[in-house]
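A.B. asks: First, the structure itself, so that you have it in front of you.
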């Protein structure tokens, strides 16, 4: 009987030791933490974080003024397992300026003094506009009036007939982006302006269409508004109100230069 109890104790200790080693193999901490680098004064920050945890932990996120260090918002989220998490943090209407996000893990119901792993920080710039990229996003585009569709004005396949935009812009003159599109039924046409060197988005326009047609958008002061660099218009046709369902896509690369060639 005594030997049976002894073997049971040894087995239990072995199980506990194995579990302890397994937990030790998980290097707990924040793998990745990102938030928008630039937002407008009326936009809500979105936290994207990936964590490794051996058991339930608390993720603490601190938002403060980057210059003065004054805390503006503290929030925490219970993390039950390793993985990627996405959540919004309402910080109210912010004044333009530089702000800092800090995040760290801690045991449940604990805080900074008991933090696990290294904290992470990221600077966020709030621009002087309600929404970042307002120059492009707020372009007024008239939505075509829906009416009985003439089948002769629909295509057999969604696509683009022609896209016109200069390859080099070296001044602040007005240039017109012209897109001739072909659609088989009601569709959304998306136009996005990206920096092709770092793929930062500078704005987007969505236009709902119900027949083949053309859209022309004039833009002036591109040099002043966006600065020298390499850019690309990414133009796509998607199902209505379903931007992830891309039916066709085209890119139009160009350069903004401060040297008049």
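The values are calculated or read from the model by the stated rules, or taken from the named source; none is laboratory data. Not measured: the values here are computed from a predicted model. Here the Cβ positions follow ideal geometry from the backbone for every residue, glycine too, while neighbour counts run over all protein chains shown.
A.B. asks: Scan 232, 246 and give me the residue that is within 27 Å of residue 156 (Cβ to Cβ) and in a strand (DSSP E or B).
C.D. replies: Matching residue, one of 232, 246: 246.
A.B. asks: Can you find, within segment 208-229, the residue that is modelled with the lowest pLDDT among those that are buried (at least 16 other Cβ atoms within 10 Å of the Cβ) and in a strand (DSSP E or B)?
C.D. replies: If we take residues in segment 208-229 being buried (at least 16 other Cβ atoms within 10 Å of the Cβ) and in a strand (DSSP E or B), then 219 is modelled with the lowest pLDDT.
A.B. asks: For residues that are at pLDDT 90 or above and in a strand (DSSP E or B), scanning just segment 191-205, find the one that is farthest from residue 248 (Cα to Cα).
C.D. replies: 195
A.B. asks: With respect to residue 118, is the statement that it is farther than 30 Å from residue 204 by Cα and either in the same structural domain as residue 206 (by TED's automatic domain parsing) or touching a strand residue (DSSP E or B) at 6+ places or on another chain (Cβ under 6 Å) (or both) true?
C.D. replies: The answer is no for residue 118.
A.B. asks: Additional query: Here are some residues: 77, 81, 88. Which one is under 26 Å from residue 56 (Cα atoms) and either surrounded by 15 or more Cβ atoms within 10 Å (Cβ to Cβ) or not assigned by TED's automatic domain parsing to the domain that holds residue 40 (or both)?
C.D. replies: Within the list 77, 81, 88, the selection yields 77.
A.B. asks: Identify, by number, the condition in (1) under 22 Å from the mean Cα position of the chain (by Cα); (2) modelled with pLDDT of 90 or more that residue 137 doesn't meet.
C.D. replies: (2)
A.B. asks: Against the definition (under 27 Å from residue 28 (Cα atoms), out of contact with any helix residue (DSSP H, G or I) (no Cβ under 8 Å at 6 or more places or on another chain) and modelled with pLDDT under 90), how does residue 90 come out, yes or no?
C.D. replies: Details: under 27 Å from residue 28 (Cα atoms): no; out of contact with any helix residue (DSSP H, G or I) (no Cβ under 8 Å at 6 or more places or on another chain): yes; modelled with pLDDT under 90: yes.
So residue 90 fails the test.
A.B. asks: Let me ask something additional. If residue 258 meets every condition in (1) under 21 Å from residue 161 (Cβ atoms); (2) touching a residue at least 40 places away in the same chain (Cβ under 8 Å); (3) not in a strand (DSSP E or B) apart from one, which number is that one?
C.D. replies: Only one criterion in (1) under 21 Å from residue 161 (Cβ atoms); (2) touching a residue at least 40 places away in the same chain (Cβ under 8 Å); (3) not in a strand (DSSP E or B) is unmet by residue 258, namely (1).
A.B. asks: Among the listed residues 46, 31, 61, which satisfies the condition of being buried (at least 17 other Cβ atoms within 10 Å of the Cβ) and modelled with pLDDT of 90 or more?
C.D. replies: After ruling out the rest, the residue left standing is 61.
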